[in-house]
Amino acid sequence: MTQESNHSPAQADTFLPGPVLLLGAPGVGKGTQAQLLMAGYGIPQISTGDILRDNIARGTDLGKAAKGLMDNGQLVPDDMVNDMVGARLSQRDVQRGYILDGYPRTLGQAEWLDAHLEGLEESAGAVALPLVAINIKVDEQVLLKRITGRRICGKCKHIYNVYFKAPQQEGICDVDGTALQQRSDDTEAAFTERMKAYHSLTAPVIEHYGKQGRFREIDGDRDVEAVTESIREALEQLRQAGN
Ligand code: AP5
């Protein structure tokens, strides 16, 4: 994985990212960028999709309820996802900040998150900073190829793409030699449904955060490293501006 950071360890230690939202359609690169930002800033990635897939793999009640919806490209109900995020945000590793990848994606989830963060205003530390939102944009025709070409390491979760970012040996993770997997919702049919959910339910969330000052749009149809650098610049400008 390309995890080189332009930040010295000292910068990584002192910069407090606070809560960061990575928004955008399926396949724009939220997970790829979250993994790189996590490594650069030393804060956790909180991916609702990954947490749900972990629940499916472990056969929990949440996983059983979510599986059919996810395979068909539909969203999991807000109350389930909000409870899941609430539990994750109560863990200690979020103190310097965290990256929310794939959440919120309905207005109901955004309202829940806004209320949750308002409730933390009195507490100290980066976790009480107001959130900053980054919307990654990529043309829809590029996204289908990104989705159907995606492969993921079953062990370290590193993300590859057979068209854009192939592993050195077909089907094998460069990092740890584990077999790569394809997500069950990375089909053309599920992608069509996911895009419908994105346009009807998630686009209003982007509008919601776009009306606030702590928001930037980033062109995601460039090299992975160029996108990461633009996101870092945006985050640091937004924080320096006192937002
Ligand atoms: P989730 O797992 O969140 O999927 P998603 O939002 O559809 O996003 P993806 O993970 O598909 O894409 P990504 O933007 O992370 O792209 P990636 O970096 O992997 O959600 C899955 C399902 O779970 C939902 O449909 C829903 O059912 C449920 N769910 C999850 N959260 C929910 C919520 N909050 N509420 C309700 N339901 C929820 O990149 C994609 C590919 O492109 C990769 O192969 C990568 O290598 C490649 N790539 C990345 N960047 C570049 C680049 N710059 N150039 C070339 N290729 C690139």
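The values are calculated or read from the model by the stated rules, or taken from the named source; none is laboratory data. Since this is a predicted model, take the numbers as computed values, not measurements. With ideal geometry, Cβ positions are generated from the backbone for all residues, glycine too; neighbour counts draw on all protein chains shown. Quick note on the areas: whole protein, heavy atoms, side chains included, nothing else; ligands and nucleic acids left out. Shrake-Rupley method; radii C 1.70, N 1.55, O 1.52, S 1.80 Å.
Scan the range 208-220 for residues that are near the ligand (Cβ under 10 Å from one of its atoms) and open to solvent by 20 Å² or more (accessible area, probe 1.4 Å) and report the count.
Result for the range 208-220: 1.
Here the range 161-196 is the region considered, the condition is being aromatic (Phe, Trp, Tyr) and more than 24 Å from Gln74 (Cα to Cα), and the residue that is nearest to the ligand (Cβ to nearest atom) is Phe164. When the criteria are applied in full, Leu144 fails the requirement of being in contact with a Ser or Thr (Cβ under 6 Å, 6 or more places away or on another chain) and open to solvent by 30 Å² or more (accessible area, probe 1.4 Å).
Can you name the residue in the range 130-151 that is under 21 Å from Ser184 (Cβ atoms) and in a strand (DSSP E or B) and is also nearest to the ligand (Cβ to nearest atom) among such residues?
Step one: list which residues in the range 130-151 are under 21 Å from Ser184 (Cβ atoms), which gives 143-151.
Right, trim to in a strand (DSSP E or B) and you get 150-151.
Values: Arg150: 3, Arg151: 7 Å.
By that ranking, first place goes to Arg150.
Give the range 152-163 a look and list any residue that's assigned to a strand (DSSP E or B) and out of contact with any Lys or Arg (no Cβ under 9 Å at 6 or more places or on another chain), or say none.
Pass one, the range 152-163, residues assigned to a strand (DSSP E or B): 152-153, 159-161.
Correct list: Cys153 only.
Looking only at residues in the range 20-59 that are more than 12 Å from the ligand (Cβ to nearest atom) and open to solvent by less than 40 Å² (accessible area, probe 1.4 Å), the one that is nearest to Ser200 (Cα to Cα) is Val20.
Residue-wise test of (1) in contact with a Pro (Cβ under 8 Å, 6 or more places away or on another chain); (2) surrounded by 12 or more Cβ atoms within 10 Å (Cβ to Cβ); (3) not in a loop (DSSP other than H, G, I, E, B).
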site	(1), (2), (3)
Gln168	no, no, no
Leu180	yes, yes, yes
Asp186	no, yes, no
Phe191	yes, yes, yes
Leu201	no, yes, yes
Ile206	no, yes, yes
Arg222	no, yes, no
Ile231	no, yes, yes
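Among the residues making up the range 90-113, those that are open to solvent by less than 40 Å² (accessible area, probe 1.4 Å) and at pLDDT below 95 are Val94, Gly97.
The criterion of at least 1 residues that are farther than 24 Å from Asn135 by Cα and within 15 Å of the chain's Cα centre (by Cα) is met by none of the helices (runs of 4 or more DSSP H) falling completely within the range 20-112.
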